[in-house]
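A short write-up of the structure that comes next.
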Amino acid sequence: MTWVGDPRLAAGTEAARYLDAAFTPGARLGTVYDDPTTPVVVTRVEQVATLRVPSGRLVVDAPWHDDDAWRYERGLPTRPPRELAVGIPAGAHPVDVAWTAGPYEFLGRHFEGIECAATRLRLHDEPVVAWEMGLGVDDDIDGLQPGDSFRFASDANVGCFADAGAWTTLSAPFRTYVDGSPVPRETERLPHEGERVRDDSRQADLVTFSAESGGIVWVGRTGSGDVAAVVVTTGLHGAEA
């Protein structure tokens, strides 16, 4: 039986094209800003970490928000993270980053224009046949208007994948402030300039990635409806959902 999703969540043509190509080395994802003759090309796909999600519940959100940090410092309740409504297979899953190059010149200097195009939590090896917005557990799909999208916000242009069951422990290093200033974090630094936090008592992890102002979470489905991937894009701006 072929899986059929909710059309209100389905990726539009531009978004689907970008998501299908983002993790294909050599694929073109568009052109350099203000230079339609120079393509932006996927140069490599790199596995940067493994994420343990023993609960099968996935958070895709900023690891902290400025107002939450203020409340956390004062012992006040903070808002819950943005947990996806769809569950994923419990276990350890690879985190991939897709890199692009779009050469340009500025003030007489040449730049390669290396950028992170997208970050993916890879869950299944079967091909993705359809993309949809990742609904959060608190999102109301009936209130979604045409042209609107569900998304998470990020004050510092950083997002994360994390096990929802261990969120309090995993996010704690990002929420420690003294006199309004963040305390240096003892986290594992990753190749893509991200960070990883481990909760070995629960065998759970949090991995950060670049997310300009936050973003839409995309869920890739196989033909049978299994979740094959969860993706957050960096280079996809304003594409219809």
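In the stretch 81-116, of all residues being assigned to a loop (DSSP other than H, G, I, E, B) and without any contact (Cβ under 8 Å) to a residue 12 or more places away in the chain, the one that is surrounded by the most Cβ atoms within 10 Å (Cβ to Cβ) corresponds to Glu112. Annotation: Val197 fulfils all but one of (1) within 30 Å of Pro39 (Cα to Cα); (2) of a type in the set (Val, Ile, Thr); (3) surrounded by 20 or more Cβ atoms within 10 Å (Cβ to Cβ); the unmet one is (1).
Within the stretch 150-241, considering only strands (runs of 3 or more DSSP E) that don't extend past its boundaries, which have at least 2 residues that are modelled with pLDDT under 90?
Values: elements: 158-163, 195-199, 204-210, 217-221, 227-233.
So the answer is none; nothing clears 2.
Using the structure shown, decide if Thr37 is more than 23 Å from Asn157 (Cα to Cα), free of Cβ contacts under 8 Å to residues at least 60 places away in the same chain and of a type in the set (S, T, N, Q). Here the answer is yes, as Thr37 does meet what is asked.
Does the stretch 9-20 include one or more residues that are touching a Ser or Thr at 6+ places or on another chain (Cβ under 9 Å), farther than 28 Å from Leu144 by Cα and of a type outside the set (D, E, K, R)? Steps first, answer last, please.
Taking the stretch 9-20 as the starting set, the residues that turn out to be touching a Ser or Thr at 6+ places or on another chain (Cβ under 9 Å) are 15, 18-19.
Now restrict to residues that are farther than 28 Å from Leu144 by Cα: none.
There is no residue in the stretch 9-20 that is touching a Ser or Thr at 6+ places or on another chain (Cβ under 9 Å), farther than 28 Å from Leu144 by Cα and of a type outside the set (D, E, K, R).
The values are calculated or read from the model by the stated rules, or taken from the named source; none is laboratory data. Values in this document were obtained by computation on a predicted structure and should not be read as measured data. FYI the Cβ positions are ideal-geometry reconstructions off the backbone, even for glycines, and counts take in every protein chain you see.
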